[in-house]
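These notes concern the structure reproduced below.
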Amino acid sequence: MQEKYGWLQIDYNGKKGWIAKEYVSLKTSAEKPATSAAGLTFTVQVDLLNVRESSSLKSNKLTTIKRGQVFNVLKQQDLWIQIEYAAGKKGWVYSFYGALSEGGNVTEGSNVTAQKADSKSVQTIYNGTNLRTGPSTNHAVVARIDAGQTLKTTGEENGWYKVTYNGQPAFISSTVVKSANASSSSRGGALSGLTIVVDAGHGGHDGGTVGTRNTLEKHLNLEVASKLASKLRANGANVVLTRDSDTYLSLPTRVSISHQYAADAVVSIHHDAHADRSVRGFTTYYSNDFQKPLADAINGGLKQQITLPNRGTQYGDYYITRENTRSAVLVELGYLSNGSEEQILRSSQFQEQAAYGLYIGLLNYFK
Ligand SMILES: [Zn+2]
């Protein structure tokens, strides 16, 4: 099969055509028939696993089964297995989420001691998350999995987690998962147990504001966001970066990440511009009244740490704060339209101070 730029050449009714690879699933030319699997058992190794009507992630969910439960395997088909999940009731599960063993029959659904996770566990954030054969998007997709699935990692490489896929190594980008370790919140630190979403504004084809020296806002936002994230993590917070590379994310996606994690605080980091090039200073915005205390605390933290003029806490009609049910604020750290301020904003010293100011603000807010 020919493949170019993510498109696959296919034969359809004797004619050749192209189809976008992301909309198809690959099968070996002769699809493997289901084989019976007498004597095999399946032990669930994730907290919850969907049992489906047929061997496809798109088929109807029949029920869910739990970590540690053991089932007799009736059939195997590719990466799927058919189990008897209740007396006389059959369904399919993705074999990746458990362990297959030869060990005779068990009473359906019996519990065994759940294996204690000794490595880091991560949970997928998005539906249709790709598992790949290697640590980059250039590697082939071996499976697509739903949001909320927990995977054990066995290593990390270039921002990708190595996970075990049906006994074979597979890779998942660290940007599409969150930590699922119960122990991560008991690490200690002033912010332990709190989930903070750090949102670097813009990204990818959306560069944000452009400075007088052509500084792209998106890069500065990410610098400060990364610095803030490491300070928060060092103090025990569970930090979710909406992006940790130069990628595009829509505003609704940023808001749904805030909701999905039930974030205790959301900080969206931006840099400003004004037609009047003399305008300078930093501003902290909120859209809903319940977000004002966080905006005030963050403004107070920034005021202590950076020397730019303080334009205060203000109401602002921004999507990420307006549509957010969590305590979310948007910070404009300074004006790229002002040449001398742009120079300050570009310095890593300022970025470090700004991140520290945001961090102090968050500490005070949660105190
Ligand atoms: Zn912006």
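Readers should treat all values here as calculations from the given coordinates under stated rules, not as data from a laboratory. Model, not experiment: these values are computed from the prediction. Note: ideal-geometry Cβ built from the backbone for every residue, glycine included; neighbour counts use all protein chains shown.
Distant-in-sequence amide contacts of Gln314, defined by a placed amide H-H separation under 5 Å and a gap of 5 or more residues or a different chain, comprise Thr284, Tyr285, Tyr286. Would you mind telling me the antiparallel percentage of the DSSP bridges in segment 178-323, rounded to 5? Approximately 15 percent, going by the DSSP bridge assignments.
How high is the FRET efficiency from Lys90 to Gln168, r the C-beta distance, R0 35 Å, rounded to 0.05? Walk me through the numbers before you get to the answer.
Details: r = 26 Å, r/R0 = 0.76.
Once rounded, the FRET efficiency stands at 0.85.
For a quick check: sort Ser258, Ser230 by the number of other beta carbons within 10 angstrom, fewest at the front.
Least to most surrounded, the residues fall as Ser230, Ser258.
About its Cα centre, segment 309-367 has a charge dipole of approximately 220 debye under the convention of +1 per Lys or Arg Cβ and -1 per Asp or Glu Cβ, with nothing else charged. Label-to-label distance, Asp276 versus Trp7, with points set 7 angstrom from Cα along the beta-carbon direction: 5.2 nm.
In terms of surrounding Cβ atoms within a 10 Å radius of their Cβ, Lys227, Lys90 rank from fewest to most as Lys90, Lys227.
One chain, two ends: Asp246 and Ala262. Fully extended at 0.36 nm per residue, the span grows by 3.3 nm beyond their Cα-Cα distance.
Once the other residues with Cβ under 13 Å from the Cβ of Gly148 are scored (Lys, Arg +1; Asp, Glu -1), what is the net sum? Surrounding charge for Gly148 is 0.
With charges only on Cβ, +1 for K and R and -1 for D and E, what is the dipole size of segment 217-273 about its Cα centre, in debye, rounded to 20?
I would put it at about 160 debye.
Work through the residues other than Gly316 whose Cβ is under 10 Å from its Cβ and net out their charges, Lys, Arg +1 and Asp, Glu -1. Combined, the nearby Lys, Arg, Asp and Glu give -1. Spherically averaged projected area of the convex hull of Cα atoms, segment 229-315: 7.3 nm². Note on Ser347 and Tyr319: with the Förster distance fixed at 25 Å, the Cβ-Cβ geometry gives a FRET efficiency of about 0.25.
Each DSSP beta bridge with both residues in segment 256-367 is either parallel or antiparallel, and the antiparallel ones are about 25%.
Label segment 141-291 by shape, choosing from rounded, prolate and oblate, from the square roots a ≥ b ≥ c of the eigenvalues of the Cα gyration tensor; if a/c is under 1.5 it is rounded, and otherwise prolate applies when a/b is larger than b/c, oblate when it is not. Judged from the Cα gyration tensor, segment 141-291 comes out prolate (a/c at least 1.5, a/b above b/c). Indicate the gyration tensor shape class of segment 276-367 (rounded, prolate or oblate), computed on the Cα atoms with a ≥ b ≥ c the square roots of the eigenvalues: a/c under 1.5 is rounded; otherwise a/b larger than b/c is prolate and the rest oblate. Note, shape of segment 276-367 comes out oblate. Using the Cβ of Thr195 as centre and a radius below 9 Å, the other residues enclosed give a net charge of 0, where K and R count +1 and D and E count -1. Taking a ≥ b ≥ c as the square roots of the eigenvalues of the alpha carbon gyration tensor, segment 208-367 is rounded, as a/c is under 1.5.
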